[in-house]
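Working notes, structure below.
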Amino acid sequence: MLGALGRARLKLGVAVAVLLALALGLRGREEHAASVRATRAAITNATRQVASFRADHGGKCPAALPDLVAQGYARDVPVDAWGRPLRLTCPGRRDPRGFDLSSDGPDGVPGGLDRVE
């Protein structure tokens with residue numbers, strides 16, 4: 001059996017472990033949210049670049065995002081917060097006369113449930 005001092009130490013140890021687990025969980029959640037925000041910012045920037053390309057090319061979409069770099073619309077191929085290139089869909093799924101830009105999300109699965117649009 002544990003004495004009073006042993007029970008107090010055990011309770012303190014459990015409390016510290018729970019607080020540490022909470023802190024790590026919150027940190028991971030915030031890092032994920034920050035990555036999603038950064039990816040949305042990259043999508044917004046790439047949307048402007050593709051729109052400029054289309055305005056200069058009679059409404060045609062670039063064949064691929066590296067074309068934006070080749071023709072001077074972007075310095076680098078637009079990537080998400082996880083380092084993977086964004087996906088350009090032209091014509092867009094929502095607007096057949098427009099285009100869609102998206103990220104495969106943290107797992108990198110095309111069209112996965114954690115994609116960022």
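Things worth noting here:
- Annotation note: of ALA23, ALA64, the sole residue that is assigned to a helix (DSSP H, G or I) and either more than 18 Å from the chain's Cα centre (by Cα) or of a type in the set (Lys, Arg) (or both) is ALA23.
- Residue check for ASP100: touching a strand residue (DSSP E or B) at 6+ places or on another chain (Cβ under 8 Å) and on the phi < 0 side of the Ramachandran plot: yes
- On the stretch given as the range 41-77, residues that are under 26 Å from ASP107 (Cβ atoms), open to solvent by 70 Å² or more (accessible area, probe 1.4 Å) and polar (S, T, N, Q) total 1.
- The condition (being surrounded by 14 or more Cβ atoms within 10 Å (Cβ to Cβ), in contact with a helix residue (DSSP H, G or I) (Cβ under 8 Å, 6 or more places away or on another chain) and closer than 18 Å to ALA41 by Cα) is satisfied by just one residue among ASP80, ASP104: ASP80.
- Residues being among the small types (Gly, Ala, Ser) and surrounded by 15 or more Cβ atoms within 10 Å (Cβ to Cβ) - total across the range 28-37: 1
The values are calculated or read from the model by the stated rules, or taken from the named source; none is laboratory data. Only a predicted model underlies this, so the values are computations on that prediction, with no experimental measurement involved. Note: ideal-geometry Cβ built from the backbone for every residue, glycine included; neighbour counts use all protein chains shown. All accessible areas refer to the heavy atoms of the entire protein, side chains included, with ligands and DNA or RNA removed. Shrake-Rupley method; radii C 1.70, N 1.55, O 1.52, S 1.80 Å.
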